[in-house]
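K.L.:
Shown below is the structure under consideration.
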Amino acid sequence: MTAPNPTAPDHTPHRQIDYFFSCVSPWSFLGHAPFMAVARRHHAAVTFHPVELGPMFAQTGGLPLAKRAPERQRYRLVELQRWRAKRGVELHLAPAFWPFDGALADQTIIAALQAGLPVDDLIARICSGVWQRQENLALPEVIAALADAVGLPGDSLVAAAQGEAAKAAYLDNRAKAMAADVFGAPSYVLDGEVFWGQDRIELLDEALASKRPPFRPTA
């Protein structure tokens, strides 16, 4: 038996983060890589929760983009340009095949999770397909090809994504989001504290580094 090496780096996950996101959200795309880098640096375990945004907005007082005031819509476009430049990534402000129903793409990620497969690369490739490559993710065959491209069984995952187990998990993710006080995507929940938006990743990083107790809403 080999004795434990006290000087060896400890890669055991120390904290757990619930990650709520959707491929239809450009902010989820912008935040995915930096968030995963923070989680890896702190050896935090990530629980992935693809979630449908429309019903969540309806339950929490948010509005779909088309119903927001023109001032808010214009500001969103400015913010996307700022963060596109800050992150140093290509991003189309109005992709050719967006908006679209992201349920099948999100549920394909769920199907991969249910099969015990890694999803980091799949999420990145799906989001890139929407926001960089302008691929039509409303089509099952496109989603299957993206999964194939990252070494996952695309056809079987897309088939599973249309099954009852994936659909039920998608609904359950919405219930989990509501229970956690999540109202937008991406949201990162650490010890019950919600960090909403990819512009809060630095604050999440600091919370992980300091190991402070979570902040709670106070009256």
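Every number here is computed from the coordinates shown, using simple stated rules; none is lab data. Note that this is a predicted model, so its numbers are computed, not measured. For neighbour counting, all protein chains shown are included, and Cβ atoms are generated from backbone atoms with ideal geometry for every residue, glycine included.
K.L.:
Once you've got the GNM for the chain with C-alpha springs shorter than 10 Å, pick whichever of Val51, Val78, Val182 has the biggest mean-square fluctuation.
P.N.:
Val78
K.L.:
Springs between alpha-carbon pairs under 10 angstrom, Gaussian network model over the chain: which of Phe57, Phe48, Phe21 fluctuates most?
P.N.:
In the Gaussian network model the winner is Phe57.
K.L.:
Same structure, new question: Could you tell me whether region 16-210 comes out rounded, prolate or oblate from its Cα gyration tensor? Rule is a ≥ b ≥ c as square roots of the eigenvalues, rounded for a/c under 1.5, then prolate if a/b exceeds b/c, otherwise oblate.
P.N.:
rounded
K.L.:
Give the separation of the Cα centroids, region 119-185 to region 67-86, in Å.
P.N.:
25 Å
K.L.:
Follow-up question, since we're still on this one. Compute the relative contact order of the chain as a whole-number percentage, counting only Cα pairs closer than 8 Å that sit 6 or more residues apart in sequence.
P.N.:
29 percent
K.L.:
Taking R0 as 30 Å, what's the FRET efficiency between Phe97 and His14 from their Cβ-Cβ distance, rounded to 0.05?
P.N.:
Once the sixth-power term is evaluated, E becomes 0.15.
K.L.:
A further question follows. Pop a pseudo-label 7 angstrom from the Cα along the beta-carbon direction at both Gln73 and Leu203 and give the gap in nm to one decimal.
P.N.:
2.8 nm
K.L.:
Connecting C-alpha atoms closer than 10 Å in a GNM of the chain, tell me which of Leu63, Leu30, Leu104 has the biggest fluctuation.
P.N.:
Leu63
K.L.:
Here is a follow-up. Using θ = phi - 60° and the Karplus form 6.51 cos²θ - 1.76 cosθ + 1.60, what ³J(HN,Hα) does each residue of region 76-83 get, whole Hz, x for Gly and Pro?
P.N.:
Taking θ as phi minus 60°, the curve returns 4, 5, 5, 4, 4, 5, 4, 6 Hz for region 76-83.
K.L.:
Hey, what number do you get for the chain at 222 nm if only DSSP H runs of n ≥ 4 count, each worth -39500 (n - 2.57), divided across all residues, to the nearest 500?
P.N.:
After summing the helix terms and dividing by residue count, I get -15500 deg cm²/dmol.
K.L.:
For the chain, give the share of DSSP beta bridges that are antiparallel, in percent and rounded to the nearest 5; count only bridges with both residues there.
P.N.:
Among the beta bridges of the chain, antiparallel pairing accounts for roughly 55 percent.
K.L.:
Given a Förster distance of 35 Å, report the FRET efficiency between Arg212 and Ala66 from their Cβ-Cβ distance, rounded to the nearest 0.05.
P.N.:
According to the calculation, E is roughly 0.30.
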